[in-house]
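The values are calculated or read from the model by the stated rules, or taken from the named source; none is laboratory data. Here the structure is a predicted model, which means the values were calculated and not measured. We place every Cβ from the backbone using ideal geometry, glycine too, and count neighbours over all the protein chains shown. Ligands, DNA and RNA are stripped out before the accessible areas are found, and what is left, the full protein with its side chains, is counted by its heavy atoms. Shrake-Rupley method; radii C 1.70, N 1.55, O 1.52, S 1.80 Å.
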Amino acid sequence: MSESGEMSEFGYIMELIAKGKVTIKNIERELICPACKELFTHPLILPCQHSICHKCVKELLLTLDDSFNDVGSDNSNQSSPRLRLPSPSMDKIDRINRPGWKRNSLTPRTTVFPCPGCEHDVDLGERGINGLFRNFTLETIVERYRQAARAATAIMCDLCKPPPQESTKSCMDCSASYCNECFKIHHPWGTIKAQHEYVGPTTNFRPKILMCPEHETERINMYCELCRRPVCHLCKLGGNHANHRVTTMSSAYKTLKEKLSKDIDYLIGKESQVKSQISELNLLMKETECNGERAKEEAITHFEKLFEVLEERKSSVLKAIDSSKKLRLDKFQTQMEEYQGLLENSGLVGYAQEVLKETDQSCFVQTAKQLHLRIQKATESLKSFRPAAQTSFEDYVVNTSKQTELLGELSFFSSGIDVPEINEEQSKVYNSALINWHHPEKDRADSYVLEYRKMNRDDEMSWNEIEVCGTSKIIQDLENSSTYAFRVRAYKGSICSPCSRELILHTPPAPVFSFLFDEKCGYNNEHLLLNLKRDRVESRAGFNLLLAAERIQVGYYTSLDYIIGDTGITKGKHFWAFRVEPYSYLVKVGVASSDKLQEWLRSPRDAVSPRYEQDSGHDSGSEDACFDSSQPFTLVTIGMKKFFIPKSPTSSNEPENRVLPMPTSIGIFLDYDKGKVNFYDMDQMKCLYERQVDCSHTLYPAFALMGSGGIQLEEPITAKYLEYQEDM
């Protein structure tokens, strides 16, 4: 059945449920797949005992495998398993169904994924999906549920010529439904088919005998009490259950059926108690609704009081500004009138001109004395012009920064619950984001809510919320080359603390590229020490040089010891990160093409004979001679707690401008399609250096060490990583 058909059928069934036309008991919650949120289709039993659709398991594995292990993928991590997953192509599904399927020899397929039901990681083992049992019992119940929901919709005969007739029975051996006439034709008397088992019309055809997924020709006849799953006798003799305690299938059936029946009888016997508790829950829901409305009204009252205070302060401030404005304008008006009086034929000047016309000396002197003083005063003010008032209202700017901060932290009364603090040192982002926070032991909360959002300059995005029981959480499916804000708040009962201070983290510019150090290609075990996990290498060069020192007479040329990643890159955008130990003397990191690596690794390693030095500058991707050409490799130098920027014709080549403090963690971003490589400071996700690189061949992560040194690859953030951090 197509996906659209299943969805329409599911909607039809849900509509009948809503109308109360389904006679089967209300068990629909138990029949919904936790991954696709639809009725189960061919459910499989996971190791954690939860069931999930067969197609959902395949989509989960393909999604996780494409997100973390596909070295050629240009896309970021896929959607969360809790959302409806995009349907993969059939050839991918067929590949993942084959035992031992592997994408390539260096990247093992993904068999670990979080169960959508309990969120715990489940490991399917080497056989993957083929090692899971099909839940025929659940499948039968779902089929009965479907039939009860679509009682008016008949199951049609599979063999009739159009138009098909309504079927009257289904053959479990043929896995088909028949009308009476077709059944007689295809199951004639006296033949083997006449002995087939037939039932009423159904679309659920289950095998008569349950076979072992590990040994496909053996039937299930025992039950492993340790693993809690059916097994065959070969599993017990020499398989994974050889040392486990097993019991016969009949005994397990009898024991489990007795326990289940007893528990069901107990629940049925407590039906009145359950009804009483349901009534109590209904009352609590009503009380919660009333209390919630009351809390809303109280919150509205508090905010209205704040609005009243703000309105009062607003009115007072505006009144003060208006008064000051009026006073200043009056002063300016008076001063302007005085200056207008200095104009000819107006004001003071006009009056003085009229006084000069007086011919009586006594009268003139009597009037002119006071007039002269006014004229002198006006002359002095004209010489030193000074406005009567200030035009600026800087003293009337309202400072609301503190109040804004307080209002931003406005929350519910926490009854003394301290605000949790995000631990910036233990929080990081790589392929996923790991957020750690701590809370005082005396205020240990019942749960926490972690909020995060993508920071966008254009608009304010809403916060995503995740409820967490512990004090750390891994957040997946973040967009590449983005900035995210994180904050957390604590809950104790129904009381909530204010939110913590926001933590800003920057995601890598491309999907994380997973690889390990290659222990075969060019690895010099005399000078380099590789750990068992192949994610850390140390240089112990020096002792062999001391042993050979007695043969050194004139000169000596040393060389770098190279080690590369075990996986190459042929397309797409990729990012990886690592840490260089602070005690390292000289380390080079970057990328190199396969042909250049062959040239380097074929070079002789005679430590006592002068020879061409691999990093002498003769063929270096960081030297002046290569400014304008795209080289098949790019390496930068790190050592003595410094990061050295290679010389460039477009920037200053002074030593003080090219030497930076060594970052705690260094990232490399390779855009194969554009032929560009960037070096990043992982702490701030800041690009330190960018250069073109020749991508005509396969490129590998390349590292080189000389003298004492160490390189540690960043470990991808997974659920196991989180458990390790908690143990630490």
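Quick notes on this one:
- Largest-first ordering by accessible area, 1.4 Å probe, given options Met682, Met455: Met455, Met682
- Efficiency of FRET between Leu318 and Ser462 - r from beta-carbon atoms, R0 45 angstrom, step 0.05: 0.85
- Net charge in the neighbourhood of Leu529 (other residues with Cβ under 14 Å of its Cβ; Lys, Arg +1, Asp, Glu -1) is -2.
- Rounded, prolate or oblate (a/c below 1.5 giving rounded, otherwise prolate when a/b exceeds b/c) for the range 251-382 by Cα gyration tensor: prolate
- Heavy-atom accessible area ranking, 1.4 Å probe, most first, across Leu281, Leu46, Leu532: Leu532, Leu281, Leu46
- Each of Pro440, Cys496, Trp463 was scored by the projection of its Cα onto the charge dipole of the range 421-507, and the greatest displacement toward the positive side belongs to Pro440; charges sit on the C-beta of Lys, Arg, Asp and Glu.
- In Å², nearest 10: area of Thr367 left accessible to a 1.4 Å probe: 50
- Calculated from backbone phi, Karplus (6.51, -1.76, 1.60) coupling profile of the range 249-258 in Hz, x at Gly/Pro: 5, 5, 5, 5, 4, 5, 5, 5, 5, 5
- Relative contact order [Cα under 8 Å, 6+ residues apart], the range 421-507, whole percent: 34
- Using the Karplus relation 6.51 cos²θ - 1.76 cosθ + 1.60 with θ = phi - 60°, the per-residue 3J(HN,Hα) values for the range 501-511 come to 5, 5, 10, 9, 10, 10, 7, x, x, 7, x Hz, with x marking Gly and Pro.
- The range 491-536: Cα Rg divided by the 2.2 N^0.38 Å rule of thumb: 2.35
- Cross-link partners for Lys642 among the lysines, with Cα-Cα distance under 27 Å and sequence neighbours closer than 8 places in the same chain left out: Lys428, Lys588, Lys596, Lys676, Lys686.
- Among Ile27, Ile300, the order of accessible area from largest down is Ile300, Ile27, computed with a 1.4 Å probe on protein heavy atoms.
- In this Cβ point-charge picture (+1 for Lys and Arg, -1 for Asp and Glu), the range 421-507 has a dipole of about 180 debye about its Cα centre.
- Unit charges on C-beta of K, R, D, E only; dipole of the range 248-304, Debye: 640
- A probe of 1.4 angstrom, applied to the heavy atoms of all protein chains, finds Phe332 with accessible area near 60 square angstrom.
- Close amide H partners of Val231, meaning residues 5 or more places away or on another chain with modelled amide H under 5 Å apart, are Asn221, Met222, Tyr223, Cys224.
- The solvent-accessible area of Lys331, taken with every protein chain present and a 1.4 Å probe, is close to 90 Å².
- With every protein chain in place, the range 421-507: carbon and sulfur % of accessible area (1.4 Å): 41
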